[in-house]
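We did not get these values from a lab; they are worked out from the coordinates using the rules stated. Everything quoted here is computed from the prediction, not taken from an experiment. Counting neighbours? That spans all protein chains shown, and the Cβs are built from the backbone with ideal geometry, glycine included.
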Amino acid sequence: MVEKEMASTSEAIEDAVRRIEEMMSQARSESSGVKLEVNERILNSCTDLMKAIRLLVTTSTNLQKEIVESGRGAATTQEFYAKNSRWTEGLISASKAVGWGATQLVESADRVVLHTGKYEELIVCSHEIAASTAQLVAASKVKAEKSSRNLARLQECSRNVNEMAANVVASTKSGQDQIEEKDTMDFSGMSLIKLKKEEMETQVKVLELEKRLEGERVRLGELRKQHYVLAGGCDPEDEETRPAPAPRRGILKKPPIAQKPGLAEVSPWWGCDRGGAGVLCHLLTFGFVPLSQP
């Protein structure tokens with residue numbers, strides 16, 4: 001199952017590289033000037049990112065094979081995966097996320113080149129690829145030996161992917177600044193009443209956008225929480241209902257030691273009979289005879 005998913009991810013990366021090359025040829029034939037410059041810079045950065053991801057997936061596959069061979073013993077590969085089902089699920093989930101992110105990046109780049117998409121889509125896809133890469137490395141490290149060369153190579157590939165993803169973000173932002181026209185804010189011809197009206201309308205838009213932004217942040221948090229649960233993490237609600245752990249024996253306090261009562265706390269008639277014997281007992285204890293008995 002893991003080998004199949006890794007192979008599927010590799011095919012998705014290869015297909016993404018081919019599609020970017022086709023987009024590059026189309027952009028050179030249909031655009032010119034600043035648009036061509038921006039498109040080439042964005043597509044080149046996307047190509048570099050795809051190559052980095054391809055190397056990452058290849059290295060991850062080699063490390064995964066090394067882990068299975070060193071840990072399965074006399075068991076078969078399928079038995080090893082079944083015995084380590086949680087690790088297997090995490091590895092498959094991370095591999096799927098990397099392949100899906102690469103596919104989404106290419107589709108977003110295609111829409112940007114055709115001027116039917118948003119530059120922000122490319123930026124978000126780049127961030128998602130970096131996060132998926134970190135997830136894949138973390139899943140691989142669980143079973144890998146610290147001294148493994150393949151693990152060291154995988155970590156180096158991860159850093160390279162992050163660097164290439166940052167380049168995609170940088171090229172996208174700079175291209176956006178070049179392509180999009182900036183509206184000049186010239187209010188010199190407005191009257192006082194017109195300026196006040198524009199000011200109030202702008203305040204309304206700001207409040208609407210702030211409310212919408214807050215709602216989207218809450219929604220994003222819930223989506224990430226659910227993604228964490230589906231990816232194999234524990235349900236955050238379980239943490240609240242989980243009983244508190246019992247205190248350890250080592251931190252229990254010893255009961256206080258009973259103190260010997262002082263002489264003043266002992267009844268002068270303790271252990272003595274009432275009457276003459278009590279007087280004699282008091283005499284032997286205190287050296288004098290009380291005037292009256294209680």
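Can you list the chymotrypsin sites (Phe, Trp or Tyr not before Pro) in segment 95-203 that are in a DSSP coil and have 11 or fewer other beta carbons within 10 angstrom?
Phe187
Take peptides 202-212, 75-85, 9-19, 132-142 and line them up by average Cβ neighbours within 10 Å, highest first, as a rough protection proxy. Display every interim value, and only then the final one.
Details: 202-212: 10.0, 75-85: 13.6, 9-19: 18.2, 132-142: 20.0.
By packing density, highest mean first, the sequence is 132-142, 9-19, 75-85, 202-212.
As a quick test, which of the pairs Lys83/Lys146; Lys51/Lys173; Lys173/Lys194 have an alpha carbon distance above 27 angstrom in this structure?
Working: Lys83/Lys146 22 Å; Lys51/Lys173 21 Å; Lys173/Lys194 34 Å.
Result: Lys173/Lys194 exceed 27 Å.
Using all alpha carbons of segment 36-86, what is the percent of pairwise distances in each 10 Å bin, ordered from the shortest bin to the longest?
With a bin width of 10 Å, the distribution comes to 22, 28, 20, 16, 11, 3.
Can you list the residues of segment 128-169 with backbone N under 11 Å from a point 7 Å past the Cα of Lys83, pointing along Cα to Cβ?
none
Suppose we take every Cα in segment 2-94 and form the convex hull; what volume per residue is that in Å³? Numbers along the way, then the final one.
Details: hull volume 7.2 nm³, N = 93.
Here the figure is 78 Å³ per residue.
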